[in-house]
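**Student:** Just passing along the structure, written as structure tokens.
The values are calculated or read from the model by the stated rules, or taken from the named source; none is laboratory data. None of the values given here were measured: they were computed from a predicted structure. Cβ coordinates were reconstructed from backbone atoms using ideal geometry, including for glycine residues, and neighbour counts include every protein chain displayed. Calculation scope for accessible area: heavy atoms of the full protein, side chains included, ligands and nucleic acids excluded. Shrake-Rupley method; radii C 1.70, N 1.55, O 1.52, S 1.80 Å.
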Amino acid sequence: MRLLSYNVRSLRDDRAALGRVVRGCAPDVLCVQEAPRFFGWRSAAARLARETGLLYVTGGAPSCGTMILAAPRLAVEHAEDVTLPLTPGLHRRGLATAVLRAAGGPRFTVVSCHLSLDAAERARQAGALLDRLAALSARGGPAGIVAGDLNEVPGGRAFRLLTGPLRDAWREAPEGGGDTFPSRRPARRIDAVLCTPAVRVLGCGVPARPQGTEPGDLARATDHLPLLARLSVPAPG
């Protein structure tokens with residue numbers, strides 16, 4: 001399975017470049033951050049799905065800008081949007097969550113997240129995310145994947161909270177670059193794919209130049225670089 005995590009900055013940049021990047025990465029699951037969430041967001045989500053060859057699963061306005069898209073071959077067994085507690089004066093955040101399954105394969109849970117710019121709120125959100133992932137395991141089984149913009153580099157409190165029970169896919173099997181922000185001169189690793197022990201990480205990183213893209217597409221598409229993970233979800237046995 002190929003999972004792509006991508007902050008698309010509300011589709012305000014080069015849409016054609018963005019489409020080429022996503023299609024070139026050929027993800028089975030796309031976890032989006034800063035998806036359209038205001039007026040017309042449903043139409044924008046539908047366009048994004050068409051332009052990437054994927055299907056809308058959940059998210060957008062109900063999850064405060066996080067979203068999940070998936071390949072047609074994946075069945076959606078459960079989808080749920082979660083709104084996180086609001087800290088007055090700060091931007092509201094949420095989680096897009098889904099339990100997916102390939103034909104004849106095991107279930108797995110996916111969470112797309114975009115954590116706060118405020119360190120204290122970010123740590124609280126990391127705890128809430130882990131609680132939600134644990135609750136979803138009753139539906140999705142032990143295989144769980146969290147992907148998103150953590151707004152924090154490794155070593156930060158929220159990052160450490162998440163990588164207590166979860167494994168950092170890039171750290172475990174680096175495949176390409178790790179720094180994801182800003183896209184034109186990447187210097188910080190603030191986007192991550194994190195997995196429960198039941199998920200096998202085959203490789204994870206920023207693709208150098210996805211197939212079918214043009215020079216400069218990665219910088220033009222949005223202000224983050226995409227993070228692509230190759231994962232395997234073994235059948236429980």
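**Student:** Apply the Debye scattering formula to the range 156-237, with a single equal point scatterer on each alpha-carbon and no solvent, then give log10 I(q)/I(0) at q = 0.11, 0.23 Å⁻¹.
**Tutor:** Cα-only, vacuum Debye calculation for the range 156-237: -0.33, -1.08.
**Student:** Compare 130, 150, 194 in a GNM of the chain, Cα atoms joined below 10 Å, and give the one with the largest fluctuation.
**Tutor:** 130
**Student:** Toward the positive end of the charge dipole of the chain, about the Cα centre and with charges on Cβ (Lys, Arg +1; Asp, Glu -1), which of 229, 49, 112 goes farthest?
**Tutor:** Among 229, 49, 112, the one farthest towards the positive end of the dipole of the chain is 49.
**Student:** Counting only DSSP beta bridges with both residues in the range 36-194, what percent are antiparallel, rounded to the nearest 5? Don't skip to the end; give the middle numbers.
**Tutor:** Numbers: 26 of 32 bridges.
Taking every DSSP beta bridge with both residues in the range 36-194, the antiparallel ones total about 80 percent.
**Student:** Where the accessible area of the range 118-210 is counted over protein heavy atoms with a 1.4 Å probe, how much of it, in %, is carbon and sulfur? Don't skip to the answer; put the middle values down first.
**Tutor:** Values: 2170 of 4150 Å².
Using a 1.4 Å probe with all protein chains present, the range 118-210 comes out at 52 percent carbon and sulfur.
**Student:** For the peptides 218-226, 106-114, 167-175, what is the packing order when you average, over each peptide's residues, the other Cβ atoms within 10 Å and list the highest mean first? Don't jump to the answer; show the numbers that get you there.
**Tutor:** Details: 218-226: 22.7, 106-114: 25.3, 167-175: 18.8.
Ranked from most to least packed, the peptides come out as 106-114, 218-226, 167-175.
**Student:** Can I ask one more? How long is the gain from residue 47 to residue 86 if the chain were fully straight, where each residue apart is worth 0.36 nm and the alpha carbon distance is subtracted? Mind dumping the intermediate values first?
**Tutor:** Numbers: separation 39, 0.36 × 39 = 14.04 nm, distance 2.97 nm.
Using 0.36 nm per residue and subtracting the Cα-Cα distance, I get 11.1 nm.
**Student:** For the chain, which DSSP H helices look membrane-span-like by this rule: Cα extent along the axis of 18 Å or more and mean Kyte-Doolittle of at least -0.5?
**Tutor:** Values: long enough: 119-140 (31 Å, -0.02).
Going by DSSP H runs, the hits are 119-140.
**Student:** To continue, here is another question. Out of the chymotrypsin sites (Phe, Trp or Tyr not before Pro) in the range 1-43, which ones are loop residues according to DSSP with at most 10 other C-beta atoms within 10 Å?
**Tutor:** On the way: sites: 6, 38, 39, 41; in loops: 38, 39.
Hits after loop and neighbour filter: 38, 39.
**Student:** Would you tally the net charge around residue 146, using a Cβ to Cβ cut-off of less than 11 Å, leaving residue 146 out, and scoring K and R as +1, D and E as -1? All intermediate terms of the calculation are to be shown ahead of the outcome.
**Tutor:** Values: positive: 132, 167; negative: 168.
Charge balance in the 11 Å sphere: +1.
**Student:** Measure out, as a whole number of angstrom, how far apart the alpha-carbon centroids of the range 187-236 and the range 1-30 sit.
**Tutor:** 10 Å
**Student:** Taking R0 as 35 Å, what FRET efficiency do you get between residue 78 and residue 185 from their Cβ-Cβ distance, rounded to the nearest 0.05? Mind showing how you got there, number by number?
**Tutor:** Numbers: r = 40 Å, r/R0 = 1.14.
Given R0 = 35 Å and the Cβ-Cβ separation, E is 0.30.
**Student:** Right, next: How far apart, in nm, are the 7 Å Cα→Cβ label points at residue 230 and residue 208?
**Tutor:** 1.4 nm
**Student:** Another question, if that's okay. Multiplying the sequence separation of residue 102 and residue 26 by 0.36 nm and subtracting their Cα-Cα distance, what value in nm do you get? Mind dumping the intermediate values first?
**Tutor:** Details: separation 76, 0.36 × 76 = 27.36 nm, distance 1.60 nm.
Fully extending the segment from residue 102 to residue 26 adds 25.8 nm.
**Student:** OK, next. Return the distance in nm (one decimal) between the two label points of a simple spin-label model at residue 117 and residue 12, each offset 7 Å from Cα along Cα→Cβ.
**Tutor:** With each label point 7 Å from Cα toward Cβ, the separation is 1.1 nm.
**Student:** Rounded to whole Å and sorted largest first, what semi-axes of the equivalent ellipsoid does the C-alpha gyration tensor of the range 32-158 yield via the square root of 5 times each eigenvalue? Walk me through the numbers on the way to the answer.
**Tutor:** Details: eigenvalues 113, 74, 26 Å².
After diagonalising the Cα gyration tensor, the semi-axes are 24, 19, 11 Å.
**Student:** Now a separate question. Provide, for q = 0.14 Å⁻¹, the log10 of I(q)/I(0) from a solvent-free Debye sum over equal Cα point scatterers in the chain.
**Tutor:** Evaluating at q = 0.14 Å⁻¹ gives log10 I(q)/I(0) of -0.81.
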